[in-house]
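The values are calculated or read from the model by the stated rules, or taken from the named source; none is laboratory data. As the structure is a computational prediction, the values presented were derived from the model and not from experiment. Glycine gets a Cβ as well: all are built from the backbone with ideal geometry, and neighbour counts include every protein chain shown. Accessible surface areas use protein heavy atoms only, side chains included; no ligands, DNA or RNA. Shrake-Rupley method; radii C 1.70, N 1.55, O 1.52, S 1.80 Å.
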Amino acid sequence: MITFAIIDDEPGCRRMLASIIKKTGLGEIVLSDEGNAASIHAIIARQPDIVLIDLLMPKIDGLDMIEQLKTAGYRGRFVMISQNDNKELVGEAYQLGVEFFIHKPIHAIEVESVLSYVKRQLQPSLPEMQLALAHVSHATHPHVALQRAARRTLAELGISNEAGAKDFIHAMDYLAETGSEPLSLRTLYKKMAIARFSKPIDQEKEAKAIEQRMRRAVGKALTNIASLGLTDYAHPKFEYYAPLFFDFREVRQRMKEIDLDMAHSVVRIHIKKFLFALFDEANESRKGA
């Protein structure tokens with residue numbers, strides 16, 4: 001189980017973050033503290049996987065605390081909590097190894113999205129481990145490297161555990177054989193369904209199910225990327241993936257909805273754009289590996 005330490009001088013903020021982590025099942029909280037010299041010793045002793053740490057605290061500066069923790073041998077991940085948009089401080093935080101910011105006031109969706117992403121980087125899913133074993137047993141399969149590259153990208157987008165992720169991985173084989181452009185989505189769904197079921201009625205149902213699973217996965221990825229952009233608009237992953245996989249107008253709309261805690265509107269899900277971008281990205285990654 002992934003473990004967390006929450007370091008913030010505001011008790012209300014600590015309680016809110018703890019509540020979100022517990023309700024979403026993200027992991028176990030092993031330390032919740034106001035931030036002082038004793039906090040450093042407690043983190044070193046308990047070695048949590050992820051430390052959520054406030055940027056500015058009265059007893060100890062968040063950046064100084066991170067530096068002291070790294071010097072003392074802590075090798076976990078840092079997520080910074082801040083309501084300060086000072087570019088110099090943000091830049092310094094990135095140099096120290098902070099990957100993400102959670103902005104105050106706290107938004108539950110943003111917290112869950114950011115921490116889920118960091119958690120997935122720390123803890124490979126069962127399908128990922130199975131794929132790694134498959135790679136060892138069937139290293140000669142021509143599309144294993146392509147599938148692995150695609151799975152890494154899906155993990156970057158925060159959807160490697162979604163049901164539709166498996167469909168996207170399987171689709172890589174078909175695109176590798178036929179090329180991306182000539183194959184229509186309807187034909188792709190049908191080919192994938194035929195490979196799984198022998199009866200036409202089951203094939204038809206599965207083709208529709210594949211489309212829906214892929215649609216939900218793309219929608220989840222859109223929300224994850226929008227949350228990342230809301231956290232840090234200049235984050236390299238947001239700048240790269242947002243226009244590559246999505247209509248940027250829809251990304252901005254989802255960012256607005258998350259920021260204002262609004263219900264998510266119905267947006268057009270571009271499965272074809274997402275699929276072909278994933279194929280091209282995986283293919284380039286495979287070639288460069």
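Some points to look at:
- Cross-link check: pairs Lys190/Lys272; Lys199/Lys272; Lys220/Lys272 evaluated at a Cα-Cα cut-off of 22 Å; pairs beyond the cut-off: Lys199/Lys272.
- Net charge of neighbours whose Cβ lies under 14 Å from the Cβ of Ile2, counting Lys and Arg as +1 and Asp and Glu as -1: +2
- Peptides 259-271, 163-175 ordered by average Cβ neighbours within 10 Å, highest first: 163-175, 259-271
- Surface composition of segment 154-268: carbon plus sulfur atoms contribute 53% of the solvent-accessible area (1.4 Å probe, protein chains only, all chains present).
- Accessible area per residue, Å², the chain with all protein chains present, probe 1.4 Å: 50
- Rg over Rh for segment 206-262 works out to 1.05, both radii taken from alpha-carbon positions and Rh defined as the Kirkwood radius.
- Those residues of segment 158-177 whose amide nitrogen sits under 20 Å from the label point placed on Met1, 7 Å along Cα→Cβ: none
- Computed lengthening from Ile194 to Glu10, 0.36 nm per intervening residue step minus Cα-Cα distance: 60.6 nm
- Normalised convex hull volume, segment 190-289, alpha-carbon set, Å³ per residue: 112
- Computed Kirkwood radius, in angstrom, where 1/r is averaged over Cα pairs of the chain: 20.6
- Listed values for segment 191-200 are Karplus-derived 3J(HN,Hα) couplings in whole Hz (6.51 cos²θ - 1.76 cosθ + 1.60, θ = phi - 60°), namely 4, 5, 5, 4, 5, 9, 9, 9, 7, x, and x replaces Gly and Pro.
- Efficiency of FRET between Arg46 and Arg215 - r from beta-carbon atoms, R0 51 angstrom, step 0.05: 0.75
- Net +/- balance of residues flanking Leu260 in space, Cβ distance below 13 Å, scoring K and R +1, D and E -1: -1
- Efficiency of FRET between Asp33 and Lys70 - r from beta-carbon atoms, R0 22 angstrom, step 0.05: 0.75
- Virtual spin-label span in nm between Lys273 and Ser184, 7 Å along Cα→Cβ: 2.1
- Backbone HN-Hα couplings from phi across segment 231-243 [Karplus 6.51/-1.76/1.60, Hz, Gly and Pro as x]: 5, 8, 4, 9, 4, x, 5, 5, 4, 7, 7, 4, x
- Alpha carbon centroid spacing (whole Å) that separates segment 184-198 from segment 19-45: 47
- Within segment 245-289, the ratio Rg/Rh, alpha carbon atoms throughout and Rh by Kirkwood, equals 1.17.
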